[in-house]
Amino acid sequence: MTSPRPSSPTRTTTQLLDALRDPRDEASWASIDARFRPVVQGLAGRMGLNYSEAEEAAQQTLAEFVRAYRDNRYDRASGRLSSWILGIARNTILGQLKRRGAAEILGEDERFSDAHMRSAWTEERDLAVLGEALSMLRDDSGVDDRTLLAFELTGLRGVPATEAASQCGMTVDQVYVAKSRITRRLRDLVRELTDAFEEDR
């Protein structure tokens, strides 16, 4: 049996939460998982867990969210879903570190302050959003491969425009135009995805 495919990544968190009232809506559950899992996993890695531990922390965090949501323990009027999931993630990560025997380092560790955790969460969210935006660009039939390659070489890898032009079979001017065009499109996608992620009130 195949896993359900997430719905559109631009659906707002509010729309997804509304859809979750129907427990049979597996696509919306999959979308919540796809939206938050990489953020929780990245956060767990920043807090000192190794890759497999971070995967486990993300799984436990989202499983606890599902249980709480189905038990009507999530009150949307009391705060953003991201803040609530962050709280679950923090407790899960701390629990794993304590079981590892790292409890003695946690008392005064600035990494686990509310401000630092929120900042780390936001950075991981931004990385996840950027990754999703790039994936959407690569899947966009309206963006030709040379244009996207020129952007990736100059905008992401720091390759000089002259070298990128040679690799892409383009003029230097065409490389600059491609970079500008994709940068604008990427900026719009990032804004749209970030708004969708955060709209849950």
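Once Rg/Rh (Cα atoms, Kirkwood Rh) is calculated for the structure shown, the corresponding label among (1) 0.93; (2) 0.99; (3) 1.06 turns out to be (3). From least to most packed, judged by other beta carbons within 10 angstrom and beginning with the fewest, I88, I32 follow the order I88, I32.
When the Cα positions of Q41, G158, L17 are compared along the charge dipole of the range 13-198, L17 comes out farthest toward the positive end, with charges on each C-beta of Lys, Arg, Asp and Glu. Rounded to the nearest 20 debye, the dipole magnitude of the chain is 160 debye, with +1 charges on Lys and Arg beta carbons, -1 on Asp and Glu beta carbons, and the Cα centre as origin.
Put in line by how crowded their Cβ is, counting other Cβ atoms within 10 Å and starting with the fewest, S31, S180 read S180, S31. A cut-off under 10 angstrom between Cβ atoms defines the neighbours of Q96, and their net charge, with Lys, Arg +1 and Asp, Glu -1, is +1. Separation of the range 31-49 and the range 154-201, taken as the distance between their Cα centroids, equals 26 angstrom. Counting every other Cβ atom within 10 Å of each residue's Cβ, L127, L94 order from fewest to most as L127, L94.
None of the figures in this text is laboratory data; all of them are computed from the coordinates on show. All values reported here derive from a predicted model rather than from experimental measurement. Please note: Cβ atoms are built from the backbone with ideal geometry, for glycine as well, and neighbour counts cover all protein chains shown.
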